[in-house]
1. Looking at GLU27 and the list (1) in contact with a Pro (Cβ under 7 Å, 6 or more places away or on another chain); (2) in a loop (DSSP other than H, G, I, E, B); (3) not hydrophobic (A, V, I, L, M, F, W, C), which single condition is not satisfied?
2. Within the stretch 58-84, how many residues turn out to be within 15 Å of the chain's Cα centre (by Cα) and either among the hydrophobic types (A, V, I, L, M, F, W, C) or within 18 Å of PHE36 (Cα to Cα) (or both)?
3. Scan the stretch 2-12 and give yes if some residue there is among the hydrophobic types (A, V, I, L, M, F, W, C), assigned to a loop (DSSP other than H, G, I, E, B) and out of contact with any Pro (no Cβ under 8 Å at 6 or more places or on another chain), otherwise no.
4. Mind checking which residues of the stretch 29-45 are modelled with pLDDT of 95 or more and more than 15 Å from ASP89 (Cα to Cα)?
5. Which residue is surrounded by the fewest Cβ atoms within 10 Å (Cβ to Cβ), if the candidates are limited to the stretch 114-135 and must be at pLDDT 95 or above and not in a strand (DSSP E or B)?
6. So, of the residues in the stretch 85-113 that are of a type in the set (D, E, K, R) and surrounded by fewer than 14 Cβ atoms within 10 Å (Cβ to Cβ), which turns out to be farthest from PRO17 (Cα to Cα)?
7. Kindly indicate whether ALA9 is of a type in the set (Gly, Ala, Ser) and without any contact (Cβ under 8 Å) to a residue 60 or more places away in the chain.
8. Which residues, taken from the stretch 13-24, are part of a loop (DSSP other than H, G, I, E, B) and touching a residue at least 60 places away in the same chain (Cβ under 8 Å)?
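The values are calculated or read from the model by the stated rules, or taken from the named source; none is laboratory data. Predicted model, so just to flag it, every value in this text is computed and none were measured. Positions of Cβ are generated from backbone atoms using ideal geometry, with glycine treated the same way; all protein chains shown enter the neighbour counts.
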Amino acid sequence: MISGLFTAAREAVVCLPIRGPKGEEHEIEAVIDTGFNGSLILPPAFIAKLGLTWRQRGKAVLADGRTGLFDIFEAIVIWDGKLRRVAVDAIDADPLVGMSLIYGHDLTIEAVAGGRVTIQARRSNPPVTSSGDRR
């Protein structure tokens with residue numbers, strides 16, 4: 001289980017250990033962004049500090065409707081006690097955890113200042129129908 005806090009600024013924040021390609025590990029505080037369907041956003045300076053491996057360029061529609069281009073790197077996140085290789089979008093913003101990283105887990109947020117945030121692996125996933133709806 002991953003634990004965090006709901007802040008007075010109304011953000012759900014968790015701490016994540018991240019490893020670079022040489023095994024160097026750093027912990028970050030990241031805001032959970034349910035509107036972001038990628039895995040992780042990190043600032044370019046932090047990516048450079050870890051020496052993450054570049055993979056490709058990406059393009060996305062931002063929340064304000066603009067299209068943005070960015071570099072995508074690879075990192076290893078210690079997620080729920082397991083090593084997980086993830087794509088990291090290099091964007092000059094605060095670190096964000098997206099829904100691709102949370103997928104397959106239950107997210108619980110006590111939405112009051114100081115409330116608990118928990119991310120826990122699902123015991124079982126409901127079947128997905130051909131239309132993509134869960135039953």
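1. (2)
2. Final tally of qualifying residues: 9.
3. yes
4. The one that is modelled with pLDDT of 95 or more and more than 15 Å from ASP89 (Cα to Cα): GLU29.
5. Per the criteria, the residue is GLY114.
6. Applying the filter and picking the extreme gives GLU110.
7. yes
8. Matches in the stretch 13-24: none.
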